[in-house]
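The values are calculated or read from the model by the stated rules, or taken from the named source; none is laboratory data. These figures come from a predicted structure and were not determined experimentally. Neighbour counts are summed over all protein chains in view; Cβ atoms, including those assigned to glycine, are modelled from backbone coordinates with ideal geometry. Each accessible area value is taken on the protein alone, full model and side chains, heavy atoms only, with ligands, DNA and RNA left out. Shrake-Rupley method; radii C 1.70, N 1.55, O 1.52, S 1.80 Å.
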Amino acid sequence: MQRALSSFPFAPAVKVRLINAGFQSAADLCDFRPLQLSKEAGISQEEAEEVLQAVRSEPLQGRAAGSRLTALELLEREQTLGSIVTFCSDLDCMLGGGVPVGKTMEVCGAPGVGKTQLCMQLAVDVQIPVCFGGLGGQVAYIDTEGSFFVQRVADMAQAAVEHCSLMAEDTEQREALKEFTVETILSNLFLFRCHDYVELLAEIYLLPNFLAQHPEIVLTNQMTTKVVNGQSKLVPALGESWGHAATQRLILHWEGQQRLASLCKSPTCKEATVPYQITGHGLRDVARPSLPTTSADPSAVTLGNARKRPRLEEEGPP
């Protein structure tokens with residue numbers, strides 16, 4: 001997806017408008033829809049459809065098996081994909097900016113600790129418009145337990161929309177809000193309910209075509225009891241072999257009444273543990289005692305630049 005747009009057989013006028021709008025490579029367009037690209041680049045919707053069709057066929061042409069990538073190309077690809085914020089700034093910081101796109105993250109934890117809540121939060125946050133620091137993506141949500149609650153997602157979506165509305169500063173952001181609504185968020189979330197392993201395997205078989213254009217994967221795993229040296233402890237289920245399959249492993253657990261998230265496997269971030277809470281708006285930071293600040297205090301937080309990663313004000317329990 002790193003192919004330069006100038007190398008595609010587009011009409012010269014279309015190339016000029018795409019480049020003037022800030023698009024340089026095919027990767028820059030991977031998350032756009034025709035109408036959105038038409039408005040962003042000032043081209044017709046028909047031209048936008050032709051551009052996206054050409055760009056999205058590029059991964060299928062791809063590199064031949066066994067071909068090489070330079071380290072620089074790999075770094076550029078990872079930087080282009082970005083990450084999904086969780087609205088819990090401590091968790092995002094621990095993960096290096098959010099849940100990375102293009103990699104696999106496993107979320108483990110006992111029932112009720114917040115695995116499903118995190119997944120639903122990500123399903124909303126991945127759709128935050130690019131002009132607000134989001135990815136403008138879509139979601140395939142595979143539910144194997146019947147734990148997906150659409151009203152809960154709608155509440156999280158409403159909170160995200162309201163937050164972006166408060167951040168909007170320019171015409172581009174105000175225009176984006178016209179399409180970033182609770183209805184569009186729910187419309188871009190594709191739910192697959194699998195009742196047994198046969199349905200799950202069938203769904204996984206059909207996923208590659210969808211994931212070729214939407215490369216984000218988050219998995220959840222339950223905990224089980226393992227006896228070590230005569231003592232039992234909770235460990236992620238599915239065994240040691242499965243533990244090596246995901247790129248990152250996040251374990252959600254309790255410490256008294258406090259929810260904690262521990263990053264115990266990552267190729268880029270150090271192991272760490274941070275607190276989080278589940279509020280009426282979704283996953284958020286744990287409220288800290290407020291300290292008086294003045295306008296001269298460099299620690300005072302403002303939302304002056306709306307292109308920064310979205311963050312809600314810290315809240316107490318719902």
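A few points about this structure:
- Hits in the range 95-114 (condition: within 15 Å of the chain's Cα centre (by Cα) and open to solvent by less than 20 Å² (accessible area, probe 1.4 Å)): Leu95, Gly98, Val99, Val101, Met105, Glu106, Val107
- So Asn229, is it at pLDDT 65 or above and surrounded by 15 or more Cβ atoms within 10 Å (Cβ to Cβ): no
For (1) open to solvent by less than 60 Å² (accessible area, probe 1.4 Å); (2) part of a helix (DSSP H, G or I); (3) modelled with pLDDT under 90; (4) closer than 18 Å to Gly98 by Cα, each residue gets a yes or a no:
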residue: Ala245; (1), (2), (3), (4): no, no, yes, no
residue: Leu252; (1), (2), (3), (4): yes, no, no, yes
residue: Leu260; (1), (2), (3), (4): yes, no, no, yes
residue: Leu263; (1), (2), (3), (4): yes, no, no, yes
residue: Lys270; (1), (2), (3), (4): no, no, no, yes
residue: Val274; (1), (2), (3), (4): yes, no, no, yes
residue: Gln277; (1), (2), (3), (4): yes, no, no, yes
residue: Ser290; (1), (2), (3), (4): no, no, yes, no
residue: Ala296; (1), (2), (3), (4): no, no, yes, no
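- Evaluated against (1) open to solvent by 30 Å² or more (accessible area, probe 1.4 Å); (2) closer than 18 Å to Val126 by Cα; (3) within 19 Å of the chain's Cα centre (by Cα), Ala157 falls short on exactly one condition, (1).
- Test result for Ala202, of a type in the set (A, V, I, L, M), under 19 Å from the mean Cα position of the chain (by Cα) and assigned to a helix (DSSP H, G or I): no
- Total residues in the range 191-212, condition within 19 Å of Leu122 (Cα to Cα) and open to solvent by 80 Å² or more (accessible area, probe 1.4 Å): 2
- Phe180 passes every criterion in (1) among the aromatic types (Phe, Trp, Tyr); (2) buried (at least 20 other Cβ atoms within 10 Å of the Cβ); (3) modelled with pLDDT under 90 apart from (3).
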